[in-house]
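Q: Attaching a single structure in structure tokens format; questions to follow.
The values are calculated or read from the model by the stated rules, or taken from the named source; none is laboratory data. Since this is a predicted model, take the numbers as computed values, not measurements. Cβ: placed from backbone, ideal geometry, glycine included. Neighbour counts: every protein chain shown.
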Amino acid sequence: MPKQVLICDDEETLTWSLAKSLSHDRETYEVTTVNDGETALSILDQQTFDVVVLDIRMPGMSGLDVLLRIKETKPATKVIMMTAYGSPDIKEKAKARGSLFYIEKPFEIEQLRGLILKALKEDAARGFAGSVSGLQLADLIQMNCLSQMTTALFVQKDNRKGCIYFEDGQMTHAEVGAIEGEEALFTVLSWSTGIFKFVGGMKAPKNTISTNWEYLLIEGMRRADEMSLALERGEIEDDEIAPVDESTRMLVKNLSSLNECAGIAVVRSDQEILFQSGNITREINIPYVARFYLNLPEALGDICPSRPKKVTFIDQGMLVILYPFKIFALILLIKRSVLSQDASSTIERLINRYEV
């Protein structure tokens, strides 16, 4: 029995032409065409389609609106988005990571034919599990930007919550707890599971992101891939990753791999321990050390009007190093009281790399 393909585009001449050209594959799949999102959803309520081809920019109900309804009610349905990418890099990233397929207008009919056949063969089980299943976060961000929508995307992973704001298709702000801007965006993109929802028309309380969204998405996916690869190789376990943000996780990962490292702690300004590893809790009183470090400016007054960039001391023959890290304090416990020049240089290089 032939598979079913639905094509939705507001250009009637295009849908007519596509239906006629693709009719040569009628033994493999049958094509139905519509010219607006409302009609597409009406037909989808009555019939199951294996593949839906959508134009992202349509009058009335946009391609993104239709996409979200499809993924909510028919998660196994493959979706091909007809769009205009500004960057070939993000196009390739989308193909590799997303649960969607993309084709750039104008295209040759053979390109679409090949993509339909590919979509019919692929497994539908991949994607970011959430309130709308079968979608990666990268897909949702791309769709918001390409459709030039103003909305807020709320994401939750376990007990962590984040939000990404869009205005006329541009990312303007992101937040995860006290983290804001690009770092918050990268943190959300590093989450592989969770739930999400949209609040249409909601604008950001402030603007913290001005960088081109395509660059940010590529960079965020690169960082997420780097973390995923480390997990797959067994270099770190999922429960060993500091639950702060992606760059902090990578810093913890790299510092933990040093032979000299006996343990690491990441402590919030209220002395809550967000992450700890190794023997650090047995060797030092983390809340006391963090409180001492964070209160130094107040205790020393004019002698130390601002928090120092690094504090070191020796405790029971072991070197303890404290660094300010964003809104946290990072405590590093060293196995010996003196670091070699090479080890010291490596630590400082890692600290600088991840923007302490």
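Q: Testing Glu30 on (1) of a type outside the set (Lys, Arg); (2) under 21 Å from Lys3 (Cα atoms); (3) not in a strand (DSSP E or B), one condition comes back false. Which one is that?
A: Going through (1) of a type outside the set (Lys, Arg); (2) under 21 Å from Lys3 (Cα atoms); (3) not in a strand (DSSP E or B) one by one, Glu30 breaks only (3).
Q: Right, here's the next one. Residue check: is Val199 of a type in the set (Val, Ile, Thr) and either assigned by TED's automatic domain parsing to the domain that holds Leu274 or surrounded by fewer than 17 Cβ atoms within 10 Å (Cβ to Cβ) (or both)? It would help to see each step written out before you state the result.
A: Values: of a type in the set (Val, Ile, Thr): yes; either assigned by TED's automatic domain parsing to the domain that holds Leu274 or surrounded by fewer than 17 Cβ atoms within 10 Å (Cβ to Cβ) (or both): yes.
Yes, satisfied.
Q: Could you tell me whether Phe166 is closer than 26 Å to Ile56 by Cα, of a type in the set (Phe, Trp, Tyr), outside the structural domain of Leu274 (by TED's automatic domain parsing) and modelled with pLDDT of 90 or more? Spell out the reasoning first.
A: On the way: closer than 26 Å to Ile56 by Cα: yes; of a type in the set (Phe, Trp, Tyr): yes; outside the structural domain of Leu274 (by TED's automatic domain parsing): yes; modelled with pLDDT of 90 or more: yes.
Against the criterion (closer than 26 Å to Ile56 by Cα, of a type in the set (Phe, Trp, Tyr), outside the structural domain of Leu274 (by TED's automatic domain parsing) and modelled with pLDDT of 90 or more), Phe166 qualifies.
Q: So, Leu6, is that one at pLDDT 90 or above, assigned to a helix (DSSP H, G or I), crowded, with 18+ Cβ neighbours inside 10 Å and touching a helix residue (DSSP H, G or I) at 6+ places or on another chain (Cβ under 8 Å) or not? Can you show your working first?
A: Details: at pLDDT 90 or above: yes; assigned to a helix (DSSP H, G or I): no; crowded, with 18+ Cβ neighbours inside 10 Å: yes; touching a helix residue (DSSP H, G or I) at 6+ places or on another chain (Cβ under 8 Å): yes.
No; evaluated as a whole, the condition is false for this residue.
Q: Have a look at Thr187, Thr211 and point out the one that is surrounded by fewer than 18 Cβ atoms within 10 Å (Cβ to Cβ) and outside the structural domain of Lys74 (by TED's automatic domain parsing).
A: Of the residues listed, the single one that is surrounded by fewer than 18 Cβ atoms within 10 Å (Cβ to Cβ) and outside the structural domain of Lys74 (by TED's automatic domain parsing) is Thr211.
Q: Which number in (1) modelled with pLDDT of 90 or more; (2) buried (at least 21 other Cβ atoms within 10 Å of the Cβ); (3) of a type outside the set (A, V, I, L, M, F, W, C) marks the one condition that Gly98 misses?
A: That leaves (1) as the condition not met.
Q: Now for a separate question. Scan region 30-69 residue by residue and report those that are modelled with pLDDT of 85 or more, among the β-branched types (Val, Ile, Thr) and under 28 Å from the mean Cα position of the chain (by Cα).
A: Val51, Val52, Val53, Val66
Q: For Thr13, are the conditions met, namely being out of contact with any helix residue (DSSP H, G or I) (no Cβ under 8 Å at 6 or more places or on another chain), assigned to a loop (DSSP other than H, G, I, E, B) and surrounded by fewer than 16 Cβ atoms within 10 Å (Cβ to Cβ)?
A: Details: out of contact with any helix residue (DSSP H, G or I) (no Cβ under 8 Å at 6 or more places or on another chain): yes; assigned to a loop (DSSP other than H, G, I, E, B): no; surrounded by fewer than 16 Cβ atoms within 10 Å (Cβ to Cβ): yes.
Spelling it out, it is not the case that Thr13 is out of contact with any helix residue (DSSP H, G or I) (no Cβ under 8 Å at 6 or more places or on another chain), assigned to a loop (DSSP other than H, G, I, E, B) and surrounded by fewer than 16 Cβ atoms within 10 Å (Cβ to Cβ).
Q: If I ask for residues that are β-branched (Val, Ile, Thr) and closer than 23 Å to Leu67 by Cβ, which ones from region 165-223 would you list? Write out each step before concluding.
A: Pass one, region 165-223, residues β-branched (Val, Ile, Thr): 172, 176, 179, 187-188, 193, 195, 199, 208-209, 211, 218.
Passing the criteria: Thr172, Val188, Thr193, Ile195, Val199, Ile218.
Q: Please list, ordered by first then second residue, the pairs with beta carbon atoms under 7 Å, 6 or more apart or interchain, first in region 201-219 and among the polar types (S, T, N, Q), second assigned to a loop (DSSP other than H, G, I, E, B).
A: If the second residue must be assigned to a loop (DSSP other than H, G, I, E, B), the pairs left are Thr208/Gly181.
Q: Also, I was wondering about something else. Tell me which residues, restricted to region 21-54, are of a type in the set (A, V, I, L, M, F, W, C) and touching a strand residue (DSSP E or B) at 6+ places or on another chain (Cβ under 9 Å). Full working, then the answer.
A: Step one: filter region 21-54 for residues of a type in the set (A, V, I, L, M, F, W, C), giving 22, 31, 34, 40-41, 43-44, 49, 51-54.
Result: Leu22, Val31, Val34, Ala40, Ile43, Leu44, Phe49, Val51, Val52, Val53, Leu54.
Q: Restricting attention to region 275-297, report how many residues are among the aliphatic types (A, V, I, L, M) and loosely packed, with under 14 Cβ neighbours inside 10 Å. Explain how you work it out, then say what you get.
A: The initial filter retains those residues of region 275-297 that are among the aliphatic types (A, V, I, L, M), namely 280, 284, 286, 289-290, 294, 296.
Retained after the next criterion (residues that are loosely packed, with under 14 Cβ neighbours inside 10 Å): none.
Residues that pass the stated criteria total 0.
Q: Among Met82, Met58, Met1, which is the only one that is assigned to a loop (DSSP other than H, G, I, E, B) and under 28 Å from Leu217 (Cα atoms)?
A: On the way: Met82 fails: assigned to a loop (DSSP other than H, G, I, E, B); Met1 fails: under 28 Å from Leu217 (Cα atoms).
Just one listed residue meets the conditions, Met58.
Q: While we're here: Based on this model, can you work out whether Met143 counts as surrounded by fewer than 22 Cβ atoms within 10 Å (Cβ to Cβ), within 21 Å of Tyr215 (Cβ to Cβ) and at pLDDT below 80? Give the steps one after another, and end with the answer.
A: Values: surrounded by fewer than 22 Cβ atoms within 10 Å (Cβ to Cβ): no; within 21 Å of Tyr215 (Cβ to Cβ): yes; at pLDDT below 80: yes.
So Met143 does not fit the description; no.
Q: Go through region 21-70 and count every residue that is in contact (Cβ under 8 Å) with a residue 60 or more places away in the chain and either of a type in the set (Val, Ile, Thr) or over 16 Å from Leu120 (Cα atoms) (or both). Talk me through it step by step, then tell me what you get.
A: Applying the first criterion (in contact (Cβ under 8 Å) with a residue 60 or more places away in the chain) to region 21-70 yields 21-22, 25, 28-29, 50-51, 53, 56-57, 62-64, 67-68.
Filter again for either of a type in the set (Val, Ile, Thr) or over 16 Å from Leu120 (Cα atoms) (or both), leaving 21, 28, 51, 53, 56-57, 62-64, 67-68.
Counting residues in region 21-70 that are in contact (Cβ under 8 Å) with a residue 60 or more places away in the chain and either of a type in the set (Val, Ile, Thr) or over 16 Å from Leu120 (Cα atoms) (or both) gives 11.
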